[in-house]
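Structure, as structure tokens:
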């Protein structure tokens, strides 16, 4: 006669794990989270057994799942690199600069040291593009044209857009100086 407890654990795992994996995959849409959810469910359902009435067992399983979620959250927050722990992929690692992106390539995040002069350069470009429709259109057109091409690496792509970005930033500096002069004129 087979071990009934082992059969129950296997049946629970066979039913719940695919559901948890599918739910995590469709709702959260992060492959790492789906895998963690599947393995966590396996550990919870196969390696742990609670006794007592059904209600007490469900509460115990839910409590254990919540504690696991808290530990994963704490581990992510305490990680040296929470963006990587959250599922972003590292693309560039240079002294004082990292570039991470989502697996879907729809989000790119530059991570810089707070005192890095590049922060001011990024903000100068961003703020100018928010104000200047012509330069925003030029930037968009350039990026679209360049992303449609195949590049041997990211550096070649970055080099190809440098002249356009530098010309936009030169106009941004001029516009900033003009605004500062106007502001000073209003104070006089």
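Compute the helix-to-body angle for 117-131: its Cα long axis versus the longest principal axis of the chain, expressed 0 to 90° and rounded to tens. It works out to around 80 degrees. Counted residue by residue at 0.36 nm each, then reduced by the alpha carbon distance between them, the extension gain from residue 157 to residue 94 reaches 21.0 nm. Pull out a ≥ b ≥ c, the square roots of the eigenvalues of the alpha-carbon gyration tensor of the chain, then state rounded if a/c is under 1.5, prolate if not and a/b is larger than b/c, and oblate in the remaining case. Judged from the Cα gyration tensor, the chain comes out prolate (a/c at least 1.5, a/b above b/c).
Considering only alpha-carbon pairs that sit under 8 angstrom and 6 or more positions apart, the relative contact order computed for the chain is 10 percent. The angle between the Cα long axis of helix 54-78 and the main principal axis of the chain comes to about 30°, on a 0 to 90 degree scale. The label-point distance for residue 105 and residue 10, in a model that sets each label 7 Å from Cα toward Cβ, rounds to 4.4 nm. Based on C-alpha pairs under 8 angstrom that are at least 6 apart in sequence, the range 1-74 has a relative contact order of 26 percent. Each peptide among 81-92, 113-124 gets the average number of other Cβ atoms lying within 10 Å of its residues, and from highest to lowest they stand as 81-92, 113-124.
Here the calculated FRET efficiency for residue 50 and residue 22, from their Cβ-Cβ distance with R0 = 25 Å, stands at 0.50, rounded to the nearest 0.05. Between the Cα long axis of helix 4-23 and the first principal axis of the chain there is an angle of about 20°, rounded to the nearest 10.
No value in this document is a laboratory result; all are computed from the given coordinates. Note that the structure is predicted; figures quoted are calculated from it, not measured. So basically every Cβ, Gly included, is an ideal-geometry build from the backbone, and we count neighbours across all protein chains shown.
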